[in-house]
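The values are calculated or read from the model by the stated rules, or taken from the named source; none is laboratory data. What you see is a predicted model; the values in this text were computed from it and never measured. A quick note on method: Cβ atoms are made from the backbone with ideal geometry, for glycine too, and the neighbour counts reach across all protein chains shown. Protein only, heavy atoms only, side chains kept; ligands, DNA and RNA dropped before computing areas. Shrake-Rupley method; radii C 1.70, N 1.55, O 1.52, S 1.80 Å.
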Amino acid sequence: MHDVEAVVLVGGKGTRLRPLTLATPKPMLPTAGVPFLAHLLSRIQAAGVRRVVLGTSYLAETFSDAFGSGAQLGLEIEYVVEEHPLGTGGGIRNVAKHLSADNVLVFNGDVLCGTDLGAVVDTHRRTDADVTLHLVRVQDPRAYGCVPTDDSGQVLEFLEKTEDPPTDQINAGCYVFRRSVIESIPEGRPVSVERETFPGLLAAGARVSGHVDNAYWRDMGTPADLIHGSADLVRGVAPSAALAGPVGESLVLEGAEIAQGALVFGGTTVGRGARIGAGARVEGSMVFDGAVIGAGAVVEHSVVGTGSRVEDGASVRDTVIGDRAVVGAHCELRDGVRIWPDVVLPPHGVRFSADV
Ligand code: GDD
Ligand code: MG
(Lines give C-alpha, C1' and ligand atoms only; values in the text may rest on other atoms or scores of the structure.)
(Ligands and ions follow the chains in the order given, each with its own letter.)
Protein backbone atom coordinates (compact mmCIF):
# COMPACT_ATOMS: atom_id res chain seq x y z
CA MET A 1 0.00 0.00 0.00
CA HIS A 2 3.02 2.33 -0.27
CA ASP A 3 1.54 3.43 -3.59
CA VAL A 4 -1.68 4.61 -1.92
CA GLU A 5 -1.94 7.94 -0.08
CA ALA A 6 -4.50 8.80 2.58
CA VAL A 7 -6.58 11.89 3.27
CA VAL A 8 -8.37 12.34 6.60
CA LEU A 9 -11.17 14.90 6.90
CA VAL A 10 -10.98 16.53 10.32
CA GLY A 11 -12.42 19.99 9.68
CA GLY A 12 -15.88 19.58 11.25
CA LYS A 13 -16.94 21.56 14.33
CA GLY A 14 -18.25 18.53 16.25
CA THR A 15 -21.36 20.43 17.36
CA ARG A 16 -23.15 17.31 18.63
CA LEU A 17 -20.31 16.78 21.10
CA ARG A 18 -20.42 20.23 22.70
CA PRO A 19 -19.23 21.27 25.20
CA LEU A 20 -16.34 18.78 24.77
CA THR A 21 -15.56 20.22 21.33
CA LEU A 22 -15.54 23.89 22.36
CA ALA A 23 -11.77 23.82 22.86
CA THR A 24 -10.82 20.49 21.26
CA PRO A 25 -11.79 19.27 17.78
CA LYS A 26 -13.73 15.98 17.80
CA PRO A 27 -10.88 13.83 16.38
CA MET A 28 -8.55 15.11 19.12
CA LEU A 29 -10.72 14.18 22.11
CA PRO A 30 -8.83 11.84 24.47
CA THR A 31 -10.05 8.32 23.79
CA ALA A 32 -8.50 5.37 25.62
CA GLY A 33 -5.50 7.50 26.54
CA VAL A 34 -4.67 9.10 23.19
CA PRO A 35 -6.36 11.58 20.82
CA PHE A 36 -9.05 9.69 18.90
CA LEU A 37 -7.28 10.35 15.60
CA ALA A 38 -4.22 8.38 16.78
CA HIS A 39 -6.30 5.18 16.57
CA LEU A 40 -7.25 5.87 12.95
CA LEU A 41 -3.71 6.94 11.99
CA SER A 42 -2.27 3.79 13.54
CA ARG A 43 -4.63 1.67 11.43
CA ILE A 44 -3.65 3.57 8.30
CA GLN A 45 0.02 3.03 9.15
CA ALA A 46 -0.50 -0.66 9.89
CA ALA A 47 -2.11 -1.08 6.47
CA GLY A 48 1.15 0.05 4.88
CA VAL A 49 0.20 3.60 3.86
CA ARG A 50 2.98 6.10 4.50
CA ARG A 51 1.70 9.57 3.45
CA VAL A 52 -1.34 11.13 5.08
CA VAL A 53 -2.81 14.56 4.36
CA LEU A 54 -5.11 16.01 7.04
CA GLY A 55 -7.83 18.37 5.80
CA THR A 56 -8.28 20.71 8.76
CA SER A 57 -10.28 23.83 9.50
CA TYR A 58 -11.81 24.11 12.99
CA LEU A 59 -9.00 24.56 15.58
CA ALA A 60 -6.55 23.53 12.86
CA GLU A 61 -3.31 24.02 14.78
CA THR A 62 -4.24 21.44 17.45
CA PHE A 63 -3.59 18.68 14.89
CA SER A 64 -0.10 19.78 13.84
CA ASP A 65 0.79 20.56 17.47
CA ALA A 66 -0.04 16.95 18.42
CA PHE A 67 1.26 14.93 15.47
CA GLY A 68 3.94 17.15 13.91
CA SER A 69 5.71 15.46 10.99
CA GLY A 70 4.06 12.14 11.84
CA ALA A 71 7.45 10.45 12.29
CA GLN A 72 6.54 9.14 15.77
CA LEU A 73 3.65 7.26 14.19
CA GLY A 74 5.75 6.02 11.29
CA LEU A 75 3.94 8.35 8.89
CA GLU A 76 4.58 11.46 6.85
CA ILE A 77 1.76 13.85 7.75
CA GLU A 78 0.92 17.02 5.90
CA TYR A 79 -1.67 19.59 7.04
CA VAL A 80 -3.88 21.58 4.73
CA VAL A 81 -6.04 24.25 6.37
CA GLU A 82 -9.38 25.48 5.00
CA GLU A 83 -9.82 29.06 6.11
CA HIS A 84 -13.57 28.68 5.69
CA PRO A 85 -14.85 25.11 5.91
CA LEU A 86 -15.33 23.67 2.41
CA GLY A 87 -17.46 20.67 3.39
CA THR A 88 -16.43 17.06 2.88
CA GLY A 89 -16.09 17.21 -0.93
CA GLY A 90 -14.50 20.67 -0.86
CA GLY A 91 -12.06 19.44 1.77
CA ILE A 92 -11.02 16.51 -0.43
CA ARG A 93 -10.65 18.80 -3.49
CA ASN A 94 -8.63 21.28 -1.45
CA VAL A 95 -5.82 18.75 -0.79
CA ALA A 96 -5.58 17.52 -4.41
CA LYS A 97 -2.37 19.38 -5.18
CA HIS A 98 -0.69 17.63 -2.26
CA LEU A 99 -1.41 14.18 -3.69
CA SER A 100 0.51 12.19 -6.27
CA ALA A 101 -0.71 8.58 -5.95
CA ASP A 102 -3.15 7.15 -8.53
CA ASN A 103 -5.45 5.90 -5.76
CA VAL A 104 -6.26 7.78 -2.57
CA LEU A 105 -7.89 6.45 0.60
CA VAL A 106 -10.17 9.12 2.11
CA PHE A 107 -11.47 8.89 5.68
CA ASN A 108 -13.99 10.70 7.82
CA GLY A 109 -11.87 11.51 10.87
CA ASP A 110 -14.44 10.43 13.46
CA VAL A 111 -14.97 6.76 12.61
CA LEU A 112 -13.72 3.92 14.78
CA CYS A 113 -13.43 0.93 12.51
CA GLY A 114 -11.72 -2.43 12.20
CA THR A 115 -12.04 -2.95 8.47
CA ASP A 116 -9.24 -4.47 6.40
CA LEU A 117 -8.13 -1.40 4.42
CA GLY A 118 -6.10 -3.52 2.01
CA ALA A 119 -9.27 -5.41 1.09
CA VAL A 120 -11.13 -2.15 0.36
CA VAL A 121 -8.32 -1.09 -1.99
CA ASP A 122 -8.36 -4.57 -3.60
CA THR A 123 -12.09 -4.20 -4.36
CA HIS A 124 -11.37 -0.81 -5.92
CA ARG A 125 -8.66 -2.25 -8.15
CA ARG A 126 -10.51 -5.49 -9.01
CA THR A 127 -13.60 -3.58 -10.14
CA ASP A 128 -11.55 -0.86 -11.87
CA ALA A 129 -13.72 1.68 -10.03
CA ASP A 130 -13.67 5.47 -10.14
CA VAL A 131 -14.61 5.48 -6.46
CA THR A 132 -15.07 2.63 -3.96
CA LEU A 133 -17.09 3.11 -0.78
CA HIS A 134 -16.70 1.07 2.37
CA LEU A 135 -20.22 0.09 3.46
CA VAL A 136 -21.55 -1.45 6.68
CA ARG A 137 -24.98 -2.46 7.96
CA VAL A 138 -26.44 -0.64 10.96
CA GLN A 139 -29.62 -0.86 13.00
CA ASP A 140 -30.84 2.65 12.26
CA PRO A 141 -29.56 3.92 8.90
CA ARG A 142 -31.37 7.29 9.06
CA ALA A 143 -28.42 9.16 10.61
CA TYR A 144 -26.03 8.12 7.83
CA GLY A 145 -25.66 7.97 4.06
CA CYS A 146 -27.78 5.07 2.79
CA VAL A 147 -26.09 3.22 -0.08
CA PRO A 148 -27.94 0.44 -1.92
CA THR A 149 -25.87 -1.80 -4.23
CA ASP A 150 -26.73 -4.37 -6.92
CA ASP A 151 -25.75 -8.06 -6.89
CA SER A 152 -22.31 -7.30 -8.31
CA GLY A 153 -21.58 -4.68 -5.63
CA GLN A 154 -22.10 -1.61 -7.83
CA VAL A 155 -23.55 1.36 -5.98
CA LEU A 156 -27.04 2.25 -7.20
CA GLU A 157 -27.83 5.37 -5.19
CA PHE A 158 -26.42 7.59 -2.47
CA LEU A 159 -29.09 8.93 -0.11
CA GLU A 160 -27.63 11.11 2.64
CA LYS A 161 -29.61 11.07 5.90
CA THR A 162 -32.95 10.02 4.52
CA GLU A 163 -36.03 9.43 6.69
CA ASP A 164 -37.08 6.38 4.69
CA PRO A 165 -33.90 4.42 3.83
CA PRO A 166 -34.42 1.56 1.35
CA THR A 167 -31.68 -0.57 2.95
CA ASP A 168 -29.72 -0.79 6.21
CA GLN A 169 -26.44 -0.58 4.28
CA ILE A 170 -24.66 2.71 4.91
CA ASN A 171 -21.61 4.74 3.99
CA ALA A 172 -18.93 3.89 6.55
CA GLY A 173 -16.97 7.07 5.82
CA CYS A 174 -13.97 5.46 4.07
CA TYR A 175 -13.48 5.74 0.32
CA VAL A 176 -10.91 4.95 -2.34
CA PHE A 177 -10.81 7.66 -5.01
CA ARG A 178 -9.06 7.57 -8.33
CA ARG A 179 -7.04 10.79 -8.07
CA SER A 180 -8.44 12.14 -11.35
CA VAL A 181 -11.94 11.98 -9.79
CA ILE A 182 -10.76 14.17 -6.91
CA GLU A 183 -9.53 16.68 -9.48
CA SER A 184 -12.99 16.78 -11.10
CA ILE A 185 -14.60 18.11 -7.88
CA PRO A 186 -15.26 21.87 -8.26
CA GLU A 187 -12.59 23.97 -6.56
CA GLY A 188 -12.85 26.95 -4.24
CA ARG A 189 -16.40 26.51 -2.96
CA PRO A 190 -18.12 24.29 -0.39
CA VAL A 191 -19.04 20.85 -1.75
CA SER A 192 -20.65 17.93 0.06
CA VAL A 193 -19.21 14.65 -1.18
CA GLU A 194 -22.37 12.92 0.08
CA ARG A 195 -25.01 15.28 -1.35
CA GLU A 196 -23.25 16.47 -4.52
CA THR A 197 -20.20 14.45 -5.61
CA PHE A 198 -21.48 10.87 -5.16
CA PRO A 199 -24.97 11.50 -6.63
CA GLY A 200 -23.34 13.45 -9.50
CA LEU A 201 -20.88 10.64 -10.27
CA LEU A 202 -23.71 8.09 -10.29
CA ALA A 203 -25.85 10.27 -12.57
CA ALA A 204 -22.88 10.64 -14.95
CA GLY A 205 -22.47 6.84 -15.17
CA ALA A 206 -19.22 6.61 -13.20
CA ARG A 207 -18.21 3.24 -11.81
CA VAL A 208 -18.85 3.41 -8.06
CA SER A 209 -18.18 0.18 -6.16
CA GLY A 210 -19.31 -0.86 -2.70
CA HIS A 211 -17.09 -2.87 -0.36
CA VAL A 212 -19.36 -4.39 2.29
CA ASP A 213 -18.07 -6.14 5.40
CA ASN A 214 -19.06 -6.70 8.99
CA ALA A 215 -16.01 -5.21 10.70
CA TYR A 216 -16.35 -3.31 13.97
CA TRP A 217 -17.75 0.13 13.08
CA ARG A 218 -18.87 3.21 15.00
CA ASP A 219 -19.20 6.89 14.17
CA MET A 220 -17.99 8.78 17.26
CA GLY A 221 -20.11 11.86 16.56
CA THR A 222 -22.51 11.78 19.55
CA PRO A 223 -21.76 11.56 23.27
CA ALA A 224 -23.30 8.07 23.53
CA ASP A 225 -21.20 6.78 20.62
CA LEU A 226 -18.01 8.45 21.83
CA ILE A 227 -18.43 6.92 25.29
CA HIS A 228 -19.36 3.49 23.90
CA GLY A 229 -16.51 3.54 21.36
CA SER A 230 -13.98 4.54 23.99
CA ALA A 231 -15.08 1.67 26.25
CA ASP A 232 -14.85 -0.74 23.29
CA LEU A 233 -11.25 0.36 22.72
CA VAL A 234 -10.34 -0.11 26.39
CA ARG A 235 -11.94 -3.58 26.48
CA GLY A 236 -10.32 -4.61 23.20
CA VAL A 237 -13.67 -4.96 21.39
CA ALA A 238 -12.60 -2.27 18.92
CA PRO A 239 -9.12 -2.84 17.47
CA SER A 240 -6.35 -0.26 17.77
CA ALA A 241 -2.57 -0.30 17.63
CA ALA A 242 -2.39 3.00 19.53
CA LEU A 243 -3.66 2.04 22.98
CA ALA A 244 -1.87 3.58 25.95
CA GLY A 245 -1.86 0.27 27.88
CA PRO A 246 -3.09 -3.35 27.85
CA VAL A 247 -6.79 -3.96 27.16
CA GLY A 248 -9.06 -4.80 30.08
CA GLU A 249 -11.92 -3.54 32.23
CA SER A 250 -10.19 -0.21 32.74
CA LEU A 251 -7.27 1.84 31.53
CA VAL A 252 -5.60 3.82 34.31
CA LEU A 253 -3.11 6.41 33.05
CA GLU A 254 0.04 7.74 34.74
CA GLY A 255 -0.39 9.42 38.09
CA ALA A 256 -4.05 8.45 38.50
CA GLU A 257 -5.09 7.23 41.96
CA ILE A 258 -7.91 4.83 42.70
CA ALA A 259 -8.87 4.49 46.38
CA GLN A 260 -9.31 1.07 47.94
CA GLY A 261 -12.76 -0.34 47.42
CA ALA A 262 -13.58 1.82 44.40
CA LEU A 263 -14.94 -0.10 41.40
CA VAL A 264 -13.67 1.02 37.98
CA PHE A 265 -14.83 -1.17 35.10
CA GLY A 266 -16.76 -1.54 31.83
CA GLY A 267 -14.00 0.02 29.72
CA THR A 268 -13.48 3.15 31.83
CA THR A 269 -10.44 5.32 31.18
CA VAL A 270 -9.03 7.16 34.20
CA GLY A 271 -6.98 10.10 32.95
CA ARG A 272 -3.53 11.24 34.03
CA GLY A 273 -3.51 12.47 37.61
CA ALA A 274 -7.24 11.79 38.09
CA ARG A 275 -8.52 10.51 41.45
CA ILE A 276 -11.34 8.10 42.26
CA GLY A 277 -12.56 8.15 45.88
CA ALA A 278 -13.28 5.27 48.24
CA GLY A 279 -16.40 3.29 47.44
CA ALA A 280 -17.00 5.10 44.15
CA ARG A 281 -18.35 3.10 41.21
CA VAL A 282 -17.25 4.15 37.72
CA GLU A 283 -18.60 2.16 34.78
CA GLY A 284 -17.95 2.54 31.03
CA SER A 285 -16.88 6.17 31.38
CA MET A 286 -14.25 8.64 30.23
CA VAL A 287 -12.62 10.39 33.19
CA PHE A 288 -10.31 13.00 31.72
CA ASP A 289 -6.97 14.14 33.12
CA GLY A 290 -7.00 15.61 36.60
CA ALA A 291 -10.70 14.93 37.23
CA VAL A 292 -11.81 13.91 40.72
CA ILE A 293 -14.64 11.49 41.58
CA GLY A 294 -15.62 11.73 45.24
CA ALA A 295 -16.20 8.96 47.76
CA GLY A 296 -19.29 6.89 47.13
CA ALA A 297 -20.10 8.67 43.85
CA VAL A 298 -21.54 6.70 40.91
CA VAL A 299 -20.50 7.55 37.34
CA GLU A 300 -21.97 5.48 34.48
CA HIS A 301 -21.52 5.90 30.72
CA SER A 302 -20.44 9.51 31.14
CA VAL A 303 -17.61 11.90 30.34
CA VAL A 304 -16.01 13.80 33.22
CA GLY A 305 -14.06 16.69 31.70
CA THR A 306 -10.47 17.71 32.42
CA GLY A 307 -10.06 18.97 35.99
CA SER A 308 -13.76 18.52 36.83
CA ARG A 309 -15.10 17.26 40.16
CA VAL A 310 -17.96 14.92 40.90
CA GLU A 311 -18.30 15.30 44.65
CA ASP A 312 -19.09 12.67 47.29
CA GLY A 313 -22.24 10.64 46.82
CA ALA A 314 -23.23 12.26 43.51
CA SER A 315 -24.69 10.04 40.80
CA VAL A 316 -24.02 10.77 37.14
CA ARG A 317 -25.45 8.65 34.31
CA ASP A 318 -25.33 9.26 30.54
CA THR A 319 -23.98 12.74 31.21
CA VAL A 320 -21.30 14.94 29.66
CA ILE A 321 -19.44 17.20 32.08
CA GLY A 322 -17.29 19.92 30.52
CA ASP A 323 -13.85 20.90 31.79
CA ARG A 324 -13.32 22.33 35.29
CA ALA A 325 -16.98 21.94 36.27
CA VAL A 326 -18.14 20.90 39.73
CA VAL A 327 -21.05 18.56 40.40
CA GLY A 328 -21.92 19.07 44.05
CA ALA A 329 -22.25 16.28 46.60
CA HIS A 330 -25.32 14.04 46.19
CA CYS A 331 -26.39 15.66 42.90
CA GLU A 332 -28.22 13.37 40.49
CA LEU A 333 -27.65 13.83 36.75
CA ARG A 334 -28.92 11.56 33.98
CA ASP A 335 -30.29 11.00 30.47
CA GLY A 336 -28.10 13.23 28.36
CA VAL A 337 -27.46 16.14 30.71
CA ARG A 338 -24.59 18.35 29.55
CA ILE A 339 -22.71 20.52 32.01
CA TRP A 340 -20.85 23.46 30.46
CA PRO A 341 -17.23 24.16 31.42
CA ASP A 342 -16.65 25.92 34.76
CA VAL A 343 -20.28 25.50 35.89
CA VAL A 344 -20.64 24.77 39.61
CA LEU A 345 -23.72 22.76 40.58
CA PRO A 346 -24.60 23.06 44.26
CA PRO A 347 -25.15 19.88 46.29
CA HIS A 348 -28.34 17.83 46.00
CA GLY A 349 -29.34 19.17 42.56
CA VAL A 350 -31.33 16.88 40.25
CA ARG A 351 -31.15 17.30 36.44
CA PHE A 352 -32.52 15.16 33.63
CA SER A 353 -31.71 15.64 29.90
CA ALA A 354 -30.90 19.36 29.92
CA ASP A 355 -27.98 21.68 29.31
CA VAL A 356 -26.59 23.49 32.32
N1 GDD B 1 -11.86 19.37 6.08
C2 GDD B 1 -13.15 19.37 6.39
N3 GDD B 1 -13.93 20.44 6.02
N4 GDD B 1 -13.66 18.34 7.06
C5 GDD B 1 -14.98 18.35 7.37
C6 GDD B 1 -15.83 19.42 7.03
C7 GDD B 1 -15.26 20.53 6.33
O8 GDD B 1 -15.92 21.52 6.00
N9 GDD B 1 -17.07 19.13 7.48
C10 GDD B 1 -17.00 17.91 8.07
N11 GDD B 1 -15.74 17.44 8.03
C12 GDD B 1 -15.22 16.18 8.53
C13 GDD B 1 -15.59 15.96 10.00
O14 GDD B 1 -14.55 16.46 10.83
C15 GDD B 1 -15.72 14.44 10.08
O16 GDD B 1 -14.48 13.84 10.36
C17 GDD B 1 -16.13 14.03 8.67
O18 GDD B 1 -15.84 15.14 7.82
C19 GDD B 1 -17.62 13.67 8.55
O20 GDD B 1 -18.39 14.73 9.08
P21 GDD B 1 -19.54 14.43 10.16
O22 GDD B 1 -20.11 15.74 10.53
O23 GDD B 1 -19.06 13.55 11.22
O24 GDD B 1 -20.61 13.69 9.23
P25 GDD B 1 -21.72 12.63 9.66
O26 GDD B 1 -21.21 11.70 10.68
O27 GDD B 1 -22.97 13.37 9.97
O28 GDD B 1 -21.96 11.84 8.28
C29 GDD B 1 -20.88 11.36 7.51
O30 GDD B 1 -20.33 10.18 8.07
C31 GDD B 1 -21.20 9.02 8.10
C32 GDD B 1 -20.42 7.84 8.63
O33 GDD B 1 -19.82 8.12 9.82
C34 GDD B 1 -21.37 11.08 6.09
O35 GDD B 1 -20.26 10.81 5.29
C36 GDD B 1 -22.36 9.92 6.06
O37 GDD B 1 -22.71 9.60 4.72
C38 GDD B 1 -21.73 8.69 6.69
O39 GDD B 1 -22.68 7.60 6.74
MG1 MG C 1 -19.53 11.59 11.84
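Meeting the requirement of 1 or more residues that are polar (S, T, N, Q), within 14 Å of ligand 1 (Cβ to nearest atom) and in the same structural domain as residue 216 (by TED's automatic domain parsing), the strands (runs of 3 or more DSSP E) wholly within region 1-102 are 51-56. Residues that are of a type outside the set (A, V, I, L, M, F, W, C) and buried (at least 21 other Cβ atoms within 10 Å of the Cβ) within region 1-18 comprise 5, 11, 12, 14, listed in sequence order. Inspection of region 256-264 identifies no residue that is assigned to a loop (DSSP other than H, G, I, E, B), buried (at least 24 other Cβ atoms within 10 Å of the Cβ) and at pLDDT 95 or above.
Filtered by the rule that a residue be open to solvent by 10 Å² or more (accessible area, probe 1.4 Å), out of contact with any Pro (no Cβ under 7 Å at 6 or more places or on another chain) and within 17 Å of residue 92 (Cα to Cα), region 27-60 gives 51, 60.
Within region 235-255, how many residues turn out to be touching an Asp or Glu at 6+ places or on another chain (Cβ under 8 Å), over 17 Å from residue 292 (Cβ atoms) and either assigned to a loop (DSSP other than H, G, I, E, B) or in contact (Cβ under 8 Å) with a residue 60 or more places away in the chain (or both)? So that I can check it myself, show each step before the final result.
From region 235-255, those touching an Asp or Glu at 6+ places or on another chain (Cβ under 8 Å) are 235, 238, 253; that's our starting set.
Then keep just the ones that are over 17 Å from residue 292 (Cβ atoms); that gives 235, 238.
The next check asks that each one be either assigned to a loop (DSSP other than H, G, I, E, B) or in contact (Cβ under 8 Å) with a residue 60 or more places away in the chain (or both); those that pass are 238.
Total meeting the criteria: 1.
Within region 209-219, identify whether any single residue is closer than 22 Å to residue 109 by Cα, part of a loop (DSSP other than H, G, I, E, B) and within 14 Å of the chain's Cα centre (by Cα), and answer yes or no. Scanning region 209-219 turns up at least one residue that is closer than 22 Å to residue 109 by Cα, part of a loop (DSSP other than H, G, I, E, B) and within 14 Å of the chain's Cα centre (by Cα). Considering 162, 127, 123, the condition of being under 24 Å from the mean Cα position of the chain (by Cα) and over 16 Å from residue 88 (Cα atoms) is satisfied by 162 alone.
Yes/no per residue for (1) open to solvent by less than 40 Å² (accessible area, probe 1.4 Å); (2) assigned by TED's automatic domain parsing to the domain that holds residue 41:
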{"residue": "203", "(1), (2)": "no, yes"}
{"residue": "207", "(1), (2)": "no, yes"}
{"residue": "212", "(1), (2)": "no, yes"}
{"residue": "216", "(1), (2)": "no, yes"}
{"residue": "232", "(1), (2)": "yes, no"}
{"residue": "243", "(1), (2)": "no, no"}
